[in-house]
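See below for the structure under consideration.
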Amino acid sequence: MGEGWPEPPFTGRFVRGLVPRPLKITIETKALTGETVTTVYERGLARLIHHEIDHLDGQLYTTRMRTAVQPIPVEEYRQTGRAWAYE
């Protein structure tokens, strides 16, 4: 599981939330032919796909935030000086 990175909510453009997400996921889908297709996503794309699947499942990023972690105002986040990195 990767450390949390700020994710913006669609309806609240002014805050970000630190959300831990897996750095590698495997997704199974069905092609139009009915064939099962397995795709592995890693790092940033894994986080993005996981985030979007949450939306399909009716979840917002706040349901994945750790207890006692509060959303960060965008202005504060922009001044953290943290580079986007994966470990």
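Where a number appears in this text, it was derived from the coordinates with a stated rule and is not lab data. Computed from a predicted model, the values in this text were never measured in an experiment.
Observations on the model:
- Distant-in-sequence amide H partners of residue 65 (H built 1.01 Å from N, under 5 Å): none
- Amide H within-cut-off set for residue 17, under 5 Å, with H built and near neighbours excluded: 7, 72
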